[in-house]
Each structure stands twice: as structure tokens, then as C-alpha cells.
Amino acid sequence: MQKSWQGPNLTTGQADVEALPQLSADVHPPIAKRLSWGSVDQYAFWRDDLRVFGLELRPSLQFGPSGIDAAIEAAVIVPIIELLHLRLGGRVYSFGNAIVLGATGGLTLGL
């Protein structure tokens with residue numbers, strides 16, 4: 001019978017780790033053994049004081065035991081009000097021999 005994970009014990013603050021699914025280190029290498037390098041490029045198509053309509057690109061490389069993995073994220077930045085921007089975009093990255101796609105979205109509040 002497989003145990004289900006119930007979360008941490010509120011009395012002791014410890015979780016039942018035996019019930020967690022076990023992942024192979026070959027499939028998901030530990031984060032501590034990976035080095036990531038990237039840069040952020042932002043292109044403004046229109047700017048009015050603190051409101052910006054533009055494109056943000058984030059290419060990156062990750063170095064680890066499985067080799068080099070590449071990634072790129074892109075997001076369109078749309079101003080809502082003076083300090084609030086909506087970001088919508090996607091990302092593509094390699095993980096071993098697999099290509100992974102994803103979508104991103106969020107709000108940015110500048111102070």
C-alpha cells in the first residue's frame with residue numbers, strides 16, 4: 001500500500017519523507033551541482049515616463065553533470081498604469097535530450 005503525503009507535522013515541524021515520490025538523480029540532477037549563466041535584454045518599443053511597452057529576452061546556459069542545457073525566455077511587457085506592468089510570454093529550454101516548452105505571465109510593480 002502506498003502512503004500519501006500529508007505535509008509537515010505541525011507539532012514537530014517534520015514531514016514524512018518516506019511517502020514522497022523518489023526521483024532518480026539521473027533524471028533530475030540536484031540544483032547544487034548545476035551552474036547557470038544568463039543575461040536579460042529589454043527592448044522598449046514605446047516609453048512614457050515610467051510606462052514601458054516592450055520585449056524582454058532572457059537567454060541562458062546551464063552547466064551540469066549531464067552537459068550543457070540552453071534556455072530562452074521571452075515576454076511582452078504591457079503597461080497598465082504608471083508603475084504596474086503585465087508580462088506575458090513563454091520559454092523553451094533543453095533538459096538532457098528533451099525540449100521543454102512553457103508559458104509565463106505576471107504583474108510587475110515598480111517602486
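The values are calculated or read from the model by the stated rules, or taken from the named source; none is laboratory data. From a predicted model like this one, the values you see are computed outputs, not experimental measurements. Virtual Cβ from ideal backbone geometry, glycine too; neighbours counted across all protein chains shown.
Is it fair to say ILE77 is assigned to a strand (DSSP E or B), modelled with pLDDT under 90 and among the aliphatic types (A, V, I, L, M)?
Taking the combined requirement at face value, the residue does not satisfy it.
Please go through region 71-82 and pick out each residue that is among the aliphatic types (A, V, I, L, M) and surrounded by 13 or more Cβ atoms within 10 Å (Cβ to Cβ).
Result: ALA71, ILE72, ALA74, ALA75, VAL76, ILE77, VAL78.
Can VAL92 be described as of a type in the set (Val, Ile, Thr), over 30 Å from ARG51 (Cβ atoms) and either within 17 Å of the chain's Cα centre (by Cα) or surrounded by 14 or more Cβ atoms within 10 Å (Cβ to Cβ) (or both)?
Against the criterion (of a type in the set (Val, Ile, Thr), over 30 Å from ARG51 (Cβ atoms) and either within 17 Å of the chain's Cα centre (by Cα) or surrounded by 14 or more Cβ atoms within 10 Å (Cβ to Cβ) (or both)), VAL92 does not qualify.
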